[in-house]
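A.B. asks: First, the structure itself, so that you have it in front of you.
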Amino acid sequence: MKITQIPFKKTGFFPTIMLDYLEQKETIQPFYNNFPNIAGFHNQIAAKQKTYRLQTRLVLVDALKKQFANFDISKKTTENINLLKLQNTFTITTGHQLNLYTGPLYFLYKIISTINLCEELSAKFPKQNFVPIYWMATEDHDFEEINYFNFEGKKVIWNREDGGAVGRFSTESLQSVFDVFKTQLGTSKNAEELKEIFKHGYLKHHNLAEATRYIANELFKAYGLVILDGDDKSLKELFTPFVKDELENEISFKEVTKTITKLKENYNIQVSPREINLFYLGDNFRERIIFEDGVYKVNNTQISFSKAEILKEAQENPLAFSPNVIMRPLYQEVILPNLCYIGGGGEMAYWMQLKNYFRKVKVTFPILLLRNSVQVISKKQQIKLDKLDISLEELFLKQHQLLSKKVVENSDIQIDFDKKIAYLQAQFEDLKKIAKKTDITFTGAVKAQEVKQIKGLKNLEKRLLKAEKRRQKDLVDRITLLQNELLPNQSLEERQRNFSEYYLEYGVSFLEALKEGLKPLELQFTVLEL
């Protein structure tokens with residue numbers, strides 16, 4: 001195995017807000033507290049220790065033990081759950097939707113980044129304990145985002161009626177999905193392991209939350225991963241004061257709106273807050289709570305409450321109140337002794353909108369860490385890259401740029417159009433100086449002719465390049481085929497492929513390679529040659 005790291009910005013797949021964050025640019029500094037480095041974690045430990053209560057720890061541990069009651073968990077995971085009782089124990093958390101069979105590859109990268117960071121912090125801070133948490137997004141209701149995974153370029157889809165929190169969905173109809181998927185796997189040892197994980201996960205557990213817990217536990221229990229379901233009565237009771245505050249005062253809307261006004265001066269906004277950032281959750285629905293004409297209404301239903309009634313409902317029925325994307329991060333940080341949230345670029349961007357909201361409600365804002373991203377390359381693929389003289393950084397160029405670059409490098413005709421254009425521009429600069437001295441109205445004509453001439457040269461360059469691509473068709477085809485193989489749909493493979501493709505080939509050693517290769521605090525994109 002060979003591990004190579006390149007800057008995130010060299011891939012071209014990460015938003016400006018994340019690149020600026022990694023470089024700690026001044027424009028992004030107001031929107032986070034401690035940066036993900038050892039000094040930042042030192043400060044974060046001190047801050048969280050002051051605000052996180054022992055009683056919350058005890059409720060959390062009790063809830064986790066109940067959630068894991070019917071699961072075969074490792075000694076390491078059991079130890080980690082018990083460690084959460086201690087006031088020198090902290091968590092590192094990542095979260096993810098309940099995608100069918102884990103969904104895209106980066107599900108693994110999120111969790112392994114979290115596990116590896118805990119191990120690194122344990123070495124740096126031997127007096128503290130660090131527990132990796134996977135927060136299951138059981139209350140999401142975007143079923144179309146999670147009802148499939150890709151396997152060898154084809155979608156494996158779960159068709160069923162939508163409605164309500166996905167974690168509560170029955171897994172009964174997944175037998176037909178398994179029947180289709182298992183025929184694509186073959187009969188190798190690794191194929192049989194994949195079948196068993198799927199079958200035991202989805203066909204022997206009653207709902208999607210339990211199935212996802214089983215699969216994540218099977219993949220990562222050796223590393224002590226603790227899996228948390230926020231759709232839990234005792235945990236939501238801890239959050240009830242914040243729910244009531246939101247219903248009465250709409251604090252999140254006010255504070256996040258202020259932040260957005262400043263943030264959008266330099267960056268795109270990821271999510272926009274509602275006046276009330278809570279859903280009302282029933283067995284088959286999850287709908288927004290709207291305040292209109294002095295009444296709290298549950299959207300698309302006949303359910304409504306007066307102010308006194310909804311505050312009473314929040315107190316007596318906490319399970320019915322579900323935080324949306326704006327308030328879920330607060331819920332997480334209220335119930336966990338958490339230091340850091342690990343997520344993708346989109347997640348980090350919306351967390352950046354929340355710092356002032358956290359300050360207003362007096363909850364410690366966590367460190368934000370961009371998860372590890374990985375490109376897996378086989379030895380055969382690396383040999384092809386070497387033969388085509390394509391570097392790892394060049395691999396991530398837009399396809400038309402990569403083809404143009406390699407065709408020019410391989411061409412017998414060496415014409416540098418950039419130099420030609422620069423020479424032409426210099427000639428026109430002289431003409432502009434003459435025009436100013438003679439007849440100022442002549443300047444416009446000079447500029448127009450400059451634009452025309454440069455455009456003509458660029459058109460000639462395009463025509464020459466097009467002709468060269470035709471002449472070097474074999475090279476173009478080989479590059480195109482290889483890049484499409486590595487970057488399906490011209491996207492990072494981690495967003496397209498499912499872990500089963502690599503597990504089928506490498507088995508558990510694939511997970512072991514990721515565990516060895518991912519370095520979360522180095523803040524680099526990882527290329528893994530297997």
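A.B. asks: Across region 331-368, what is the total count of residues that are assigned to a strand (DSSP E or B), under 14 Å from the mean Cα position of the chain (by Cα), of a type in the set (A, V, I, L, M, F, W, C) and under 19 Å from Gln29 (Cβ atoms)?
C.D. replies: Number satisfying all stated conditions: 1.
A.B. asks: Quick check, is Glu218 surrounded by 14 or more Cβ atoms within 10 Å (Cβ to Cβ), under 30 Å from Ala69 (Cβ atoms) and without any contact (Cβ under 8 Å) to a residue 40 or more places away in the chain?
C.D. replies: yes
A.B. asks: Quick test of your reading of the structure: Lys264 fulfils all but one of (1) within 26 Å of Gly346 (Cβ to Cβ); (2) touching a Pro at 6+ places or on another chain (Cβ under 8 Å); (3) surrounded by fewer than 17 Cβ atoms within 10 Å (Cβ to Cβ). Name the failing condition by number.
C.D. replies: All conditions are met except number (2).
A.B. asks: Would you please name the residue that is surrounded by the most Cβ atoms within 10 Å (Cβ to Cβ), looking only at residues in region 481-530 that are more than 22 Å from the chain's Cα centre (by Cα) and assigned to a loop (DSSP other than H, G, I, E, B)?
C.D. replies: Among them, the one singled out is Leu530.
A.B. asks: Every residue in region 281-330 that is part of a strand (DSSP E or B), over 30 Å from Met348 (Cα atoms) and hydroxyl-bearing (Ser, Thr, Tyr), please.
C.D. replies: Selection gives Tyr296, Ser304.
A.B. asks: I'd like the residue in region 164-182 that is part of a helix (DSSP H, G or I) and under 23 Å from the mean Cα position of the chain (by Cα) and, out of all such residues, is surrounded by the most Cβ atoms within 10 Å (Cβ to Cβ). Show your work before the answer.
C.D. replies: Here is the first cut: in region 164-182, the residues part of a helix (DSSP H, G or I) are 166-168, 172-182.
Filter once more, keeping what is under 23 Å from the mean Cα position of the chain (by Cα): 166-167.
Values: Val166: 26, Gly167: 23.
Per the stated criteria, the residue is Val166.
A.B. asks: On to the next question. Identify the single condition in (1) exposed (fewer than 15 other Cβ atoms within 10 Å of the Cβ); (2) in a strand (DSSP E or B); (3) of a type in the set (Val, Ile, Thr) that Val376 does not satisfy, given that it satisfies every other one.
C.D. replies: Looking at each condition in turn, Val376 falls short on (1).
A.B. asks: From Phe35, Phe90, which residue is among the aromatic types (Phe, Trp, Tyr) and surrounded by fewer than 22 Cβ atoms within 10 Å (Cβ to Cβ)?
C.D. replies: That would be Phe35, the only listed residue that is among the aromatic types (Phe, Trp, Tyr) and surrounded by fewer than 22 Cβ atoms within 10 Å (Cβ to Cβ).
Taken together, the values in this text are just the output of simple stated rules run on the coordinates, not laboratory data. Fair warning: this is a prediction, and the values are worked out from it, not measured in the lab. Neighbour counts run over all protein chains shown; Cβ positions are idealised from the backbone, glycine included.
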